[in-house]
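Okay, structure first, notes after.
Read-outs throughout are calculated quantities, based only on the coordinates presented, and are distinct from any laboratory measurement. This structure is a prediction, so every number in the text was calculated from the model and none was measured. All Cβ positions, glycine included, derive from the backbone under ideal geometry; neighbour counts span all protein chains shown.
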Amino acid sequence: MANVQTTQAFYSLTLSPPSAPTAACTTNSIPGLKNQDQQIFEARGSSIYLHYIRENQDKTEVKMETVCSQDCFGIIRGVTSFRIPGTATDQLVISSDSGRIALVNYDATKKSFKRIHLETFGKSGIRRTVPGQYLASDPRGRCVMLASAEKNKVVYIVNRNAEANIVISSPHEANSWANLCFAICALDTGWEHPVFAALEVEYADAESDPSGAMYVAREKQLVYYTVDLGLNHVVKSWSDAVDYTANMLFGVPGGQDGPSGVLVCAEGRIYYRHDKAEPLCIPIPRRKGATEDPERKRIIVAGCLHLSKARHEFFFLLQTEDGDLFKLTMELGEDAQGRKTTPVRMVMKYYDTFPVAKTMLLIRKGYIYIAAENGNSKLYHVNDLADNLDFEPENLFSSDDVSADPAEDYTPTYFTPRQLEFTSLAADVPGLHPLMRTRVENLAPEREDAPQIYALQGTGANSVLKTLRHGLEIQEIVSSPLGEMPYDAVFALKHRASDSFHSYLLLSTAYSDRTTVLSIGDEVETMEDSPFMTARATVEARLMASTTLVQVHARGVHSILESGAVNDWPAPEHRTIVAASANDRQLLLGLSSSELAFFFMDDNGVLSQLEEMPEMSGKVTCLGVGQTPVGQQQAKFAVVGCDDNTIRVLSIELDTPLEARSVQALSAVPTSIRVVSQTDPASGTNVSYVHIGLASGLYLRAVIDDVTGELGEVRTKFLGARPTRLFPVEVEGQQGIVACSSRPWLGYNHPNSGLYTLTPLVTDGAPFVAACPFVTEQVSGLCAVQGDSLLIFSLPNIDGRLASQEVALRYTPRNMSRNLWYPIWYVVEADGNTLSQGTKKGLLTAGAAKADENENMNGIEASEQDEDALALEKHLGYSRAKGHWASCIQAIDPLTERKVTATIELEENEAALCCAVVNFESKKEELFLAVGTGQHMTPGSKLPGAEKPKGFVHMYRLTNDGKKMELVHRTQFAYPIYAVTPFQGRVAIGVKTELLIYDIGLKALLRKSRGIIVPNQIVAIETKGLRLAVADVSESVTFVVFKPSPHNRLIGFVDDSIARWSTAITLLDYETVAGGDKFGNLWVLRVPEQASREADEEGVGGYIANERGYLGGAPYRLELRSHFFAQDIPTAIQRTSLVAGGQELLFWSGLEGTMGILIPFVAREDVEFFSQLEGLVRAEEAPLAGRDHLMYRGYYVPVKGVVDGDLCERFLRLGVDAKGRIAGEVERGVGEVERKVLEMRSRVAF
Amino acid sequence: MADKLRTQQQLEALQNKYIGTGHADTTKHEWTSNIARDSYASFQGHPPLLHYMSVGMGQGMERTRMHCMESMVLPCGPAPQTEE
């Protein structure tokens, strides 16, 4: 029994890391760059990124490039950067859940982050009183403050000592009991003592007063903490009450640049406060419009400061929660000494509207970076700083006549938002957050061999349904049909080696034994009088010895010298040439008689043959000679593949010509061999790799030992059902491989990780037959024969590994369901606190009627106006209104039409929450869509006098191949419906605590069975057979068995002992459920054997139906099999395979844009190997931000049955010494460990 | 007697350092307020959780964060009248 593995172990990997930004700041961390050339330091999830904005000469192309990224294995809460006086680069500070402050540098030589200091100040974890929630650094780079939500504040003074080392002081605490901190910021005090400002509320009085009067009288204080650098302590130096709604602080420039002090942003108003100046106040303008609530006050959510130190000028850009950006400037009055230090007036001007930012950064190069809360982060180019005050004078507001007393009323100001005026979008940073739901499915099995990932993403007007595929997007430049002839090879040749562009394109067809020559110039056209042989198929064509064009065909070798003279070498009698390969000097031919013929070309372009023609063991199917090394004339090795499933490495140096070096057996006949020298990421040197394509669709890559010619480090990947053919190409200045099977793949060294990566190319239509590089004056890309057409394309971006297409949705998507028969998705969408279409129309027509009275419509066409209005609404977002819901149901064809085919708007304040396509047993020939809704829901806050929320289930008949929906009926329920699912030809519905089974009727759904199963609220139901797994909002999963007619009973028989706030669940098999919860855990639970057996007993006479509950729950408890903290909140989890022919795994996606997998281990040795490796890597390289890795992965519940693959993959990035140490410890070679780690991922995913 | 005093002092030190450390006479109100404050601090401290709630409520994360902060002031209402 000892060898029986009782628990299933998983290997967890991240496919795409979370994209939602937590914090960001500008920095100058890369040494040697100008001060203007700022970078962006950003934290997303547990990773930190250093981005660089790369622009081309005329700034037409701007790209956000990730210079460096690292997973910190901890929850990152804040980042900041500052320059310690006298140092060359900025320090980066990370505050995380480790209870430690981490000072980090970017090491440009190693291209990695380097930790300088790690100081512990509190317990680990995210706690109320452990600093880390807020982080601020002194603008002069002298100290940093960390604060917690309650009580604690800690200041570290940072210095540079004489040895140019950075020293950090012991922590200076500024704690105050029962004190809540709402925000902190650093003041700019010039070179005087650093001051931090905080917004604080003391609750001790309010709590101890039973009458509640003290609560009403509570105050928010603006507190100054001065860091006395001389006395080395922190003192509370000033405090004053401010507007109670204040939520954010911004430091105003001080010293020579301005008056110092802070901007206190409150609801509806912004104040200027300082201990040495009079306060000022300016209202935040509200949106004007028929659909806008004139009473709604906005808060500021993000902002940035621009300070010109040369001119002592500054302004703020502040963003409201609607996304509107305002430019705030201050006018300064002169004091007695004639210095401009006293602010007299604040002026605000509407700037532009951007997506709502988590952090907004102004980059000195002239960009605004919006680290967006929802959707893609964006980089805008600033075209104009809105300095012209005469432009849009109606959008200019000032603080004149506004009282700075928060108790006094003010007259609100209004503006009309518009499209971008002063900025233009420069770059889009692709992101997947908020990822509401995903589903992996292959909707076009006849065309694609791997499934697609369908993702619901975004909120409000920017919601989309994304179709994600593993692959690189190609940019098609030309696609022209080639006619009847089935071409199977393509060669692009330069006329001379010194040319920078290709001149000839040879297309060859073995079927009709012909070659077509095209000349490449401004246009690509057929060349009539080419020097090439056109009456034969070309086996190989190449430019050799700088000027000689060599064309190999079945009957001989045709070489064209620069002078135009032609040399022909005829193949020996009764033999043909079946394979050929050449480099600059050497040419190797494989003959039909299994013999090899070898040639060497001298400087005159004449080929001289080696007399010996050694015979191979089997028929030669393919061969490849190595590339000529730079500065040498000869490559060392050639590789020959034979039909006896072997490849042989031969020496092709002139002193040892065609001497065998090594043999390797293969699993199938090799069809294509290429020897390419590529950069080895570990050593940075050029290494010869042999790439082998097999008839079985496999692809192999091995290293040829430079001395012995032995093959080593073999990596294998299955590419597709067709024989693999390989073609060397050049990608972004590096050698790569195009591998053509049933899909084309590109093999290249990934620009970020440096690792060799194999990624499919996402193309429409037929698979590639052949490919070659293609460089002309206009185009630098690739050329391929795709089916019966010639495709010329370029690869715009090889950084990403997922290609996406999107269909715009109307509101925040909540759930999706697939048509069982057609490739159509149904998506239910709902936006809370948003005006519905119907209400909006009512308001607009009322508004328009009023407008019509004043002036008649000018002759603008209504449709055009509508389109503009729609585009504007998409840009600005929907009008908000408390307690209102906007919701709709849409049918989407993601593949052929790529658009929404039907939309049904919901009215009467209903919100669609869940949906399922059902094929009722009683109506087999029809499909229905069941949509669960909620009416009058009030998330987060109860409105006084609001109606009690109700629920409905709508039934829609799906017609027109699933593209249209017709309402059949709707059935009312007492509570909102969060879960519907098809079950045994009926539909199972979760209504609060009840699980109900319904059949379809003529006017309503008909109830068939009912059971009270869970304690709170059913949020998900999964079924298999007669069993249902029901997830409760806070009480984990309950398994229910349905006893069919005549009993019609639902019996809950197993529940859980831990309260898991489930978000998504799936049944792995009949007895196992996998799911995720709101705290970011992934878990696998299993029904005990006995419970499962008893539940399956016939009828209700058995034990289970009459069993007494245990401790107020079901009779049995689920067993925990695996548990893992993923940090992100899982929104979907599914058992599926991701690649063609790949093993099944557990795929999950999270709200912040994470997509990850849990791969079940097959062999016990692997579990042991990887857990050992995980432990060793953990010990070798402790996480950067100081969190203990094991503690992090076991944040709420100790990690169980899961090996962290992301940590194992850190092995690949370790230094040579560390790799060697770890490999020695696991008693394997470094190469083997690397191969195992890489294969774990590449075998089943990407 | 000295021992008892010392224990008392130690407990007080703990209570000062770690908010929420209970004592023999912890009331239900104190206890629930403490739990609620811990929860609200956790909601805003974990970025995915704050994001999740904001999406659900159809508002920005900053507003949700303010809501959590504000709720920490008096999460369970004023303390009940105590009988003297």
Self-check item: Anchor A:K882: aspartates and glutamates whose Cα lies under 13 Å away (excluding residues fewer than 8 positions away in-chain)
Solution: A:E292, A:D293, A:E295, A:D831
Quiz item: Taking a label point 7 Å from the Cα of A:E65 along the Cα→Cβ vector, which residues of segment A:763-785 have an amide N closer than 20 Å to it?
Solution: A:780-781
Practice problem: Let me know the charge dipole size of the protein assembly as shown about its Cα centre in debye, to the nearest 20, where only the beta-carbon of Lys, Arg (+1) and Asp, Glu (-1) is charged. | Solution: 2860
Quiz item: To the nearest 0.05, how large is the calculated FRET efficiency for A:T342 and A:E523 if R₀ is 60 Å and r is the Cβ-Cβ distance?
Solution: 0.30
Practice problem: Using only Cα positions of chain A, each an equal point scatterer, no hydration layer, compute I(q)/I(0) via Debye at q = 0.05, 0.06, 0.08 Å⁻¹ and quote the log10 values to two decimals. | Solution: -0.43, -0.63, -1.07
Quiz item: What residues qualify as long-range amide H neighbours of A:Y975, i.e. H under 5 Å apart, gap of 5 or more or another chain, H built at 1.01 Å from N?
Solution: A:G951
Quiz item: What are the residues whose amide H is under 5 Å from the amide H of A:D449, where those residues sit 5 or more places off or on another chain and H is modelled from the backbone?
Solution: none
Self-check item: Diffusion coefficient, µm² s⁻¹, Stokes-Einstein with Kirkwood Rh over alpha-carbon pairs of segment B:32-75 at 25 °C and 0.890 mPa s
Solution: 240
Self-check item: Entries in A:K717/A:K1236; A:K1008/A:K1043; A:K466/A:K992; A:K992/A:K1078; A:K111/A:K1219; A:K153/A:K236 that, when Cα-Cα distance is taken, lie over 21 Å
Solution: A:K466/A:K992
Self-check item: ³J(HN,Hα) computed for each position of segment A:1083-1093 - Karplus, 6.51 cos²θ - 1.76 cosθ + 1.60, integer Hz, glycine/proline x
Solution: 9, 10, 10, 10, 6, x, 4, 5, 4, 5, 5
Practice problem: Based on other C-beta atoms within 10 Å, arrange A:H51, A:H117 from fewest to most. | Solution: A:H117, A:H51
Exercise. When a/c is below 1.5 the answer is rounded, else prolate if a/b is larger than b/c, else oblate, so apply that to segment A:1133-1246 with a ≥ b ≥ c taken from the square roots of the Cα gyration tensor eigenvalues.
Key: oblate
Quiz item: For chain A, what is the mean residue ellipticity at 222 nm derived from helices alone (per DSSP H run of n ≥ 4: -39500 (n - 2.57); sum divided by total residues; nearest 500 deg cm²/dmol)?
Solution: -2500 deg cm²/dmol
Practice problem: Work out the mean other chain Cβ neighbour count within 10 Å for the residues of B:32-45 and drop it here as an integer. | Solution: 4
Exercise. Please arrange A:I1000, A:I363 by counting, for each residue, the other beta carbons lying within 10 Å of its beta carbon, fewest first.
Key: A:I363, A:I1000
Quiz item: Normalised by the residues of chain A, what does the relative contact order come to in percent, with Cα pairs under 8 Å and at least six apart?
Solution: 8
Quiz prompt | Residues of segment A:180-200 with amide N under 15 Å of a point placed 7 Å along Cα→Cβ from A:S237 | solution = A:185-198
Self-check item: Long-range HN-HN contacts of A:L746 with modeled amide H, under 5 Å
Solution: A:A739, A:T759, A:L761
Quiz item: Given Cα pairs under 8 Å that are at least 6 residues apart, what percent is the relative contact order of segment A:460-529?
Solution: 19
